[in-house]
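To start, the structure itself, in structure tokens.
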């Protein structure tokens, strides 16, 4: 069993390495990279010139299966009502604020946006808003009435206070794309109607201000066949496209950021897969800039339909099972071209049978930093896309919002076993006087760091024989060299290479600090 597990780990590592396309030798020479004092993650090959004996491991966040928020109030318990999957979260002035979909099948105003907040991110209250009536009473937490769906709340740093909070959603039954604005996230008014152009928009559309291009970026679901709904076209599958705008209304510069590719078809198609259709496509994606760096994380929502079956309550004809959605990890340095990491392994897998997240796991926009952790809130359901309830649920529909906990910067780690491994960066220019590592060595592991000059020679005082082994488990462990008191300010603003030697540990990131 141990050998099997070890082989599996090596397979995942190889797949991740191939997805990065790191060559066997060094990269083509390039000028020094100015990293300043920004934290650098080992999530891609951007700062890897060469490596040996390293496994690049995707680290899924930990989930305990608790439902932190669901439709448990009287006004949320109308017939057919459930918490929808299109929810969003923002940490705002010390509060964890959640806007969530209330979805009522077959009811009037079937999509409503409700509000909850928490001091600790675990225990939520639903402040009464007294804005909109449900069953004749305004004693509820509704902030936008029906019929809307797919909302995604965000803060616009370019807007005046009265329009600081934004939310874009689909209006039913017209399918118009409507943006709302608010001064406080509670009192909303229609703002404008974005026009993303041919191909439509659907599911949860993500918008944020993208500083490198000084424009707004939009990520939305896009039918490859340029139709809003299904069609007999062989291009009838879901992708995620990116567009840009100066004014939030007119959008251009379209690119496809995520779509099923040849590897998806080859890896997952079976003899039973419906002909002409991919076994998986992408229902949407949560995309965000990480740490204000030129680093973009995508949590892509993979929709699986590779087994033919008749739908239970759909009018679209034969569909495919299991009709479930999980989350895949991708990364980009420009927000346009994304690389999938460990494509055969979900970043957030479906929960155990019957649990509230056994059929849907939908990562909500804007993961929240809590101390030295990232909390990825997600919406889940034990009913699949075709409205078929998980047989293990014993007839009980469960929907809600849960939490997945990730170590800060912990998406991917560079791992080495007892035999050891090493990573060498290209030439970098840094600012600061001390180097810190985000690393887990447990008890018996270590990292040593050597600094090299432009010719690849050890720099006096910072060579391997002076390096003090780093041992511990922290997101900020200082690096030391014997006799230097760890002060490396003399090398700041000069091109250097960094060589990390690892043994029995996981290295996530590094940063130069003052």
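The values are calculated or read from the model by the stated rules, or taken from the named source; none is laboratory data. This structure is a prediction, so every number in the text was calculated from the model and none was measured. As a convention, Cβ positions derive from the backbone with ideal geometry for all residues, glycine included, and neighbour counts pool all protein chains shown.
Brief remarks follow.
Yes/no per residue for (1) on the phi < 0 side of the Ramachandran plot; (2) surrounded by 18 or more Cβ atoms within 10 Å (Cβ to Cβ); (3) at pLDDT below 95; (4) not assigned by TED's automatic domain parsing to the domain that holds residue 350:
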site: 37; (1), (2), (3), (4): yes, no, no, yes
site: 66; (1), (2), (3), (4): yes, no, no, no
site: 73; (1), (2), (3), (4): yes, no, no, no
site: 82; (1), (2), (3), (4): yes, yes, yes, no
site: 110; (1), (2), (3), (4): yes, yes, yes, no
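- Selection status of residue 102, touching a helix residue (DSSP H, G or I) at 6+ places or on another chain (Cβ under 7 Å) and closer than 22 Å to residue 66 by Cα: yes
- Extreme residue, modelled with the highest pLDDT, among residues of the range 230-244 that are part of a loop (DSSP other than H, G, I, E, B) and surrounded by 14 or more Cβ atoms within 10 Å (Cβ to Cβ): 237
- Boolean, residue 330 is in the same structural domain as residue 154 (by TED's automatic domain parsing), closer than 26 Å to residue 259 by Cβ and modelled with pLDDT of 95 or more: yes
- Filtered residues of the range 391-419 (kept if more than 24 Å from the chain's Cα centre (by Cα) and surrounded by fewer than 17 Cβ atoms within 10 Å (Cβ to Cβ)): 391, 392, 394, 395, 396, 397, 417, 418, 419
- If you go through the range 346-360 and pick out every residue that is in contact with a strand residue (DSSP E or B) (Cβ under 6 Å, 6 or more places away or on another chain), over 20 Å from residue 288 (Cβ atoms) and surrounded by fewer than 17 Cβ atoms within 10 Å (Cβ to Cβ), you end up with 1.
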